[in-house]
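Participant: If you scroll down you'll find the structure; I have some questions about it.
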Amino acid sequence: MKNKYPSKPVLIFLFLSLNIFSIEIGLAQNETAPIGVNVGLVLDMGFLDVNISLSCINMALSDFYATHGRDYKTRLVLTTRDSKKDVVEAAAAALDLIKNVEVQAILGPTTSMQANFVIDLGEKAQVPIISFSASCPFLTSKRSPYFLRATNKDSSQTNAISSIVQAFGWREAVPIYVDNEYGEGIIPYLIDSLQAVDARVPYRSVISPSATDDQIAEELYKLMTMQTRVFIVHMFPSLAARVFDKAKEIGMMSEGYVWIMTDGFTNVFSSSSADTSVIDKMQGVLGVKPYVPKTKELENFRVRWKRKFYQDNPEIVDAELNIYGLWAYDAATALAFAVEKAGTSNLGFRKADVSSNSSTHLGVSLNGPNLLQALSNISFKGLTGDYLFINGELESPALQIVNVNGNGGREIGFWTPTKGLVKNLISTKNISSESISLSGISTVIWPGDTTAVPKGWEVPTSEKKLKIGVPMKGGLNQFVVVTNDSNSNTPKVSGFCIDVFDAVVKALPYGLPYEYIPFGKPDGEPAGTYDDLVYQVYLKNYDAVVGDVSIVFNRSLHIDYTLPFTESGVSMIVPIADNNSKNAWAFMKPLTWDLWSYTASLSSLLTVQQLQPTVTDVQELIKKEEFVGYQEGSFVLGILLDLGFDKSKLLAYSSPAQCHELFSKGRGKGGIAAAFDEVPCMKLFLSKYCSKYTMIDPTFKTGGFGFVFPKGSPLVPDISRAILNITEGDQMKNIEDAWFGKYRSCPDSSTSVSSNSLSLESFWGLFLIAGIAALLALIIFIVMFVYQERRVFLRPSDSTTSIWTRLRHLFSIFNQRDLTSQTFRKSEVNDRNGIDLPTVVAPSPSAYSVHTEFPGDPSSAEHQQALIGLVLRPSSLRSPLFVSLGLSHQLIGLMSTECHKCYNSSLRMEKSNSYLVDNEYGRGIMPYLTDDLQAVQARVPYQSVISPSATDDQLGEELYKLMKMQARVFIVQISPNSSVTDRMQGVLGVKPYVPRTEELKDLRVRWKKKFQLDNPEIIDAELSICGPWAYDAATALAMAVEKAGTANLGFQKGNDSSNSTDLATLGVSLNGPNLLQALSNTSFKGLTGNYFFVKRQLQSSSFQIVNVNGNVGREIGFGTPKGLLKKWNSTPLSGISTVIWPGDGVAVPKGWEVPTNEKKLKIGVPVNLDDNNMYLSVRKDPSSNTTKITGFCIDIFEAVVKKLPYALPYEYIPFAKPAGTYNDLVDQVYLKNYDAVVGDVTILYNRSLLVDYTLPFTESRVVMIVPFVDNKSKNAWVFLKPLTWDLWVTSLCFIVFMGFVVWVLEQRINEDFQGSPSNQVGTSFRFSFSTMVFAHQEGVVSNLTRAVVIAWCFDVLVLTQSCTASFMSLLTVQQLQPKVADIKELIQRRDYVGYEKNSFILDMLLELGFNEDRLVAYTSYEEYEGLFSKRSGHGGIAAAFGESPYVKVFLSKYCRKYTTADRIFRTGGFGFVFPKGSPLLTDMSREILNIIEGDTMKQIEDSWLGEQSTCPDSNTLISSTRLGLKSFWGLFLISGLVSISALIIFTAAFGYKERTDATEVDVRVKPFTANTSKVKESDANVTKA
């Protein structure tokens, strides 16, 4: 019983009433007098609750015998004893009742502490002890079968409390409990229940029962400085009232705080008689209490009880019937039933042996076993409901949830083991026990008079800020920028990663103060690598790390990562080169040597770039011993060394500019051939140098960038959830645009050789040939001409003629016809014979078909068990010696997280079963052991409790039970027994370390001689640790006695009444306080080391770790505050020696096995309607009538499971629920219908509120798919684009030059090039230009000219046809662009869009603003394509939305028709789903990293997704478009303008020339006739020519 408000005792009246009651019972019998059966009653008398219980017991017996008086032959005779709120008094009272009164049973005692001793007395005397108020879970019938709990044990409410914590999403809770058995008893069960809902207990606040107000305030102030704001109060009402009073006083009952009370206080304050002054200070508190149905019988009893109670206690006002009174009523009724059923044939006691030295002399009840059997079988309908004992315990009832508001507790809901939290017990809805939600109970009014749910976790301003380490970077400073503020001389940190973390923290439901600390030296240089930075978190130098830190497997062994906030992978960057060389002799390549069609092939070579990476294979780099680069300080260095690169060939860079500089130097010249870095960094690099380099597919996959926290940090799930929240919204895109937006377009695009225009670079060879031919012909002609006319130049007739005159004369000769030439001789012959020369007609140019070739797409191508024995004995205090020595945290933590350093593999002890004896020795260590294991992320899934009196069969039964569980790490806390060393081979143990001093050696020798002399029958005895402890304890006591003095060695005498037992006569030492003070201050150098007490507990500094091998425990190391040491004086973290485990093996046990006889994990998988889905396919095998489940996700899961260090049996269960969505599938894990979900399940924020995800094994985002549309402009001046300006200028210059050369060579010998100067100029240039289209009419005579013309015509052929091909490609090749690029455009036009059926995308589209009637679901890729073909408004769609992994597969089939727009919605990728807090989660995530970083992931991708990089529908490429007038009207305009201008000029000139008046006809006829004859003559001459 927990409440003891004092009132005026009326003991005499009660005793008289009981006696009168007994007399009345006797008189009521008409015939045989009933047999009185003595029953004891041990309670703390004089308190209101006790008086209420006494009155209820009285009424219970009165009601019982009034109903059964005629048939029952027994009557209970009560004998009451006052335990006076004291453990010894309670024991003395029970001893007196058993020894002197010989009671058959005892009702009571009041408290769990009192019951602890009384139960032992009852078991010894075989007298049942029935307590209706002792609720400590440690008081179980397993410990003593003669104890029956007629109340609810405290552990029955822990699941209800944890359900409340889970329902409101709190992740931590601090229990505040009284420092005694009652307070400690609930803690292990409360921690287990909270742990089951993924909530931690970061601290346990223990308050002494005798704490002063100042001590209470000090502890509460301590809690205020911590983060947690959820407190669970478990203590006596009197102490709880003081705690709430102080909490209100210091401000802890304000908004943001959460207080939950256990039933010990809730049962009291909720009654109408509760102190209103206390209730006023508890506003907003939640409480749980047992629910008692309101029946007519209960209401009738309440009225009768109130009338009777006030009659008997007129001085008490406002008393109300409480749960303890009802329990007392039912307990008395049950005992009356059992006494009658057990009979009265043997009510005596077997006397004890009075010759023994025992002071108790207890006898043994002969009727005890019968009465115990009868009580165990009792079953009836009591006031509290169905009443029966199961293993000595009452069945746990439903619990009621109350909220303190106003003057009492407002009932807001219920909790039952089968339904969980519900608003009403009677509901038409079938609610499962796991369907916990905030709607499960009524609205809560929290402290501070608010209905807003408290966050449950605040970081107070008085607490230190989180120390966030950030990397010092010299180059890629878009991710993290560390600068120095000159004004404040403090570092300023910014960057993409910083903005993301800041945004994530703002999204948390609580405040989180932090500060960034650069990981650098005073000179501004980095203090180490990224691995060094991450390791600082493990060493607790930083609370977290924020930056461009990749999630990799080896780091995850020491720390925890959040979910990634960027994409992942390590890729190789190499320079790109146009595979088609644009050199001056490229025109030689179109034909092979034996077939030297042509211009089309050359055009393809010249106009279409074939840009290829200079290196595509890592092995090629290694083989050629090329130099490669990596980012300084990155983990990539380790990857390159693992791949086989020589360290001397690796060059570090610190910035994109430095990387570019290394590339620019070239191979073998101090530069690099390739660079390796993480994908986000590579994309940033390429955004600056996009035209010079390309990125090869990832050579090494990672988990992306994530934030780093210590293992087990409660921030990790919250930060991960907030990351999902940020990345799924617009905030991440805004941050990306802020830091990377300006790099989305390539700043050096001007250097890109991407134009289809032809340049001089590709043709200067042709011009060179033509130029050389022309120059040679010119030189030869000049030499020959000068030689022929040398007499004019060298020997003129007048020797005084000047050089200039000679040159002029030589030029006049050149300007004359050379009548000796073959041309003129033939002309004369033809003239004489009257034969006309044949007309030279220019051939029409051939038609050349142009075929542009594009490069094709690249192809993508015996069970062992480990026991850790704790050989320490606990002290007599409640705090076990193990913890008080201050090494439990270091020891357990180091053995759980450090051992991999010793064994080169991780000793994964995520689960360990505690194996303890069922007494104070065994139970004392449990809360502390649980805390320390929890601190290193190890759970205690089961506590194996063994009775000290357990039989071999019971031991075997418990061990077989353990064999069926998964945990294979057992921590044993059992008292030592006889030597069984040969059966303990491989066991680890810890023991206090005692230095081997000379004093200890001397004592051992002297002790051995003395011991053998005193005990000759004992052989081979050895001095144990207890010996030196005893030696030092005796020494300390002797010193303390001397110090305390002998002035007052007497005792204050106790009660010498004849009715008192021996315990009641105990006196009080007068010297005790002095001696205790002296002992507390004693300090000396003992055999065990420095000997002193701290809070009455001996202090020790280290433990020794032993490994049982052979007949001894082999010493393998030490556990110290510094860590595990192999030797006492070795360096920290040196590890321990090799352990020989059970089974004589040195391989580290896995620590967790799934036995073959255990049920397989039920793995839910989605059933896709598309049978061709490569990610997951569920098909029915008709031959075997079995379901076959395959796919990319299945292969990944199975590969991960194979990597686990333990067996994991499982079975796939298709989720074939009709119309079930992926959200419904995920909910099945939350509802515990599945143990996990495997498939193409996207990591989403809203889902993460109910389940836990592994790290993603793919990247994913929602993108929009739209058809292509040609975006190329067909303007009127496009004909100018085929040639670059320098090629245009060079071509025009060569036209002029060629005209000049031909004129020089032909002027003297060819009449076509003679005439007036203007005529010669026009003829020459017309000839040169007409060769461009092969339309020249002038013949050439000179062989030199013919050579020049041949060379020039070849140049013209290549140039014109290349220009034509380039021009055609500009006109006909489509530049395909997305038809729709804006979602708002789709919404505004009310277009139909598609989405994958049953996916989360439907909700996303509705949130974006689409009308549901405009959304069309599809189930397969073929249906996808069909909807696009129909078009929006005709039964089809204008766009579709899908997750990127599926879209890649779709586009691999229809890559020529569709494209993707920018991402619309970013997600966390695909991950596996597990229940919250699943121990598999960490291992699965770690092995996913292991898989994706190796070759296994690539092999699986190639197996399922390898063909998606080739486009199977290449024949569907949209053909070249037809040419239209709009592309050529500019040419027609120029020709038309020239023609019209010439016509106008001619008309004007002609009109001006013939301006004579029309009347002068006769004058004009003659000239006209003459002119006509001249024209005919001219035409005849032309014909002759």
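The values are calculated or read from the model by the stated rules, or taken from the named source; none is laboratory data. Since the structure is predicted, the reported quantities are computational estimates derived from the model, not experimental observations. Methodologically, a virtual Cβ is constructed for each residue, glycine included, from the backbone with ideal geometry; neighbour enumeration extends over all protein chains shown. Note: accessible area is taken over every heavy atom of the protein model, side chains too, but ligands, DNA and RNA are not part of it. Shrake-Rupley method; radii C 1.70, N 1.55, O 1.52, S 1.80 Å.
Participant: Go through 483-489, 635-641, 114-120, 465-471 and give me the packing order, highest mean Cβ count within 10 Å leading.
Facilitator: Those peptides, ordered most packed to least, come out 114-120, 465-471, 635-641, 483-489.
Participant: Here is a further query. What's the center-to-center distance, using Cα atoms, between the range 111-181 and the range 370-405 in Å?
Facilitator: If you average the Cα positions of each part, the centres end up 14 Å apart.
Participant: What do you reckon, how do His809, His1434 stack up by accessible area (1.4 Å probe), largest on top?
Facilitator: Putting His809, His1434 in descending order of accessible area: His1434, His809.
Participant: Summing +1 for each Lys or Arg and -1 for each Asp or Glu, what net charge is found among the other residues whose Cβ lies under 13 Å from the Cβ of Val1200?
Facilitator: -2
Participant: For Thr74, what residues show an amide H to amide H distance below 5 Å, using hydrogens built from the backbone and excluding near sequence neighbours?
Facilitator: Close amide H contacts, sequence-distant or interchain: Ile35.
Participant: Using mean Cβ contacts within 10 Å as the protection proxy, how do 1081-1091, 40-50 order, highest first?
Facilitator: Descending mean neighbour count gives 40-50, 1081-1091.
Participant: What size of dipole, in debye to the nearest 20, comes out for the range 659-730 about its Cα centre when the only charges are +1 on Lys and Arg C-beta atoms and -1 on Asp and Glu C-beta atoms?
Facilitator: Dipole of the range 659-730, to the nearest 20 debye: 440 debye.
Participant: Here is a further query. Just to make sure I understand: if all protein chains stay in place, what is the order of Ser131, Ser691 by accessible area at 1.4 Å, largest first?
Facilitator: Descending order: Ser691, Ser131.
Participant: To continue, here is another question. Please list the non-local residues whose amide H lies under 5 Å from the amide H of Ile517, H modeled 1.01 Å from N, same-chain partners needing a gap of 5 or more.
Facilitator: Answer set, sorted by chain and number: Ile468, Gly469, Val470.
Participant: Using a 1.4 angstrom probe with every protein chain in place, what is the largest-first accessible-area order of Arg1247, Arg1114, Arg350?
Facilitator: The ranking, largest first, comes out as Arg350, Arg1114, Arg1247.
Participant: Ignoring ligands, DNA and RNA, what accessible area per residue does the range 131-190 give at 1.4 Å, in Å²?
Facilitator: Averaged over the residues of the range 131-190, the accessible area is 18 Å².
Participant: How much net charge surrounds Leu362 when only the other residues with a Cβ under 9 Å from the Cβ of Leu362 are counted, with Lys and Arg +1 and Asp and Glu -1?
Facilitator: +2
Participant: Find the all-direction average of the projected area of the Cα convex hull for the range 641-699, expressing the result in square nanometres with one decimal place.
Facilitator: Dividing the Cα hull surface by four gives the mean projection, 4.3 nm².
Participant: Residue by residue, what Karplus-based ³J(HN,Hα) values in Hz, rounded to whole numbers, does the range 205-215 have, using 6.51, -1.76 and 1.60 with θ = phi - 60° and x for Gly and Pro?
Facilitator: Calculated HN-Hα couplings, in order: 8, 10, 10, 5, x, 9, 5, 7, 4, 5, 5 Hz.
Participant: From the alpha carbon gyration tensor of the range 316-419, can you work out the equivalent ellipsoid semi-axes (sqrt of 5 times each eigenvalue) and give them in Å, largest to smallest?
Facilitator: Working from the Cα gyration tensor, I get semi-axes of 39, 19, 14 Å.
Participant: Using a 10 Å cut-off on Cβ atoms, rank the peptides 1176-1182, 51-57, 399-405 from the highest mean neighbour count down.
Facilitator: 51-57, 399-405, 1176-1182
Participant: List every residue whose amide H lies under 5 Å from the amide H of Arg1114, counting only residues 5 or more places away in sequence or on a different chain, with H placed 1.01 Å from N in the peptide plane.
Facilitator: Asn1107, Val1108, Asn1109
Participant: In a shell of Cβ-Cβ distance under 14 Å around Leu190, excluding Leu190 itself, what net charge do Lys and Arg (+1) and Asp and Glu (-1) give?
Facilitator: -3
Participant: Rounded, prolate or oblate, given the Cα gyration tensor of the range 72-133, with a/c below 1.5 counting as rounded?
Facilitator: In terms of gyration-tensor shape, prolate.
Participant: Structure shown: which of Lys1160/Lys1188; Lys964/Lys1159; Lys1162/Lys1188; Lys294/Lys423; Lys306/Lys381; Lys1160/Lys1397 lie over 20 Å apart, alpha-carbon to alpha-carbon?
Facilitator: From Lys1160/Lys1188; Lys964/Lys1159; Lys1162/Lys1188; Lys294/Lys423; Lys306/Lys381; Lys1160/Lys1397, over 20 Å: Lys306/Lys381; Lys1160/Lys1397.
Participant: Are there trypsin sites (Lys or Arg not before Pro) in the range 281-329 that DSSP puts in a loop and that have at most 11 other Cβ atoms within 10 Å, and which ones?
Facilitator: Lys294
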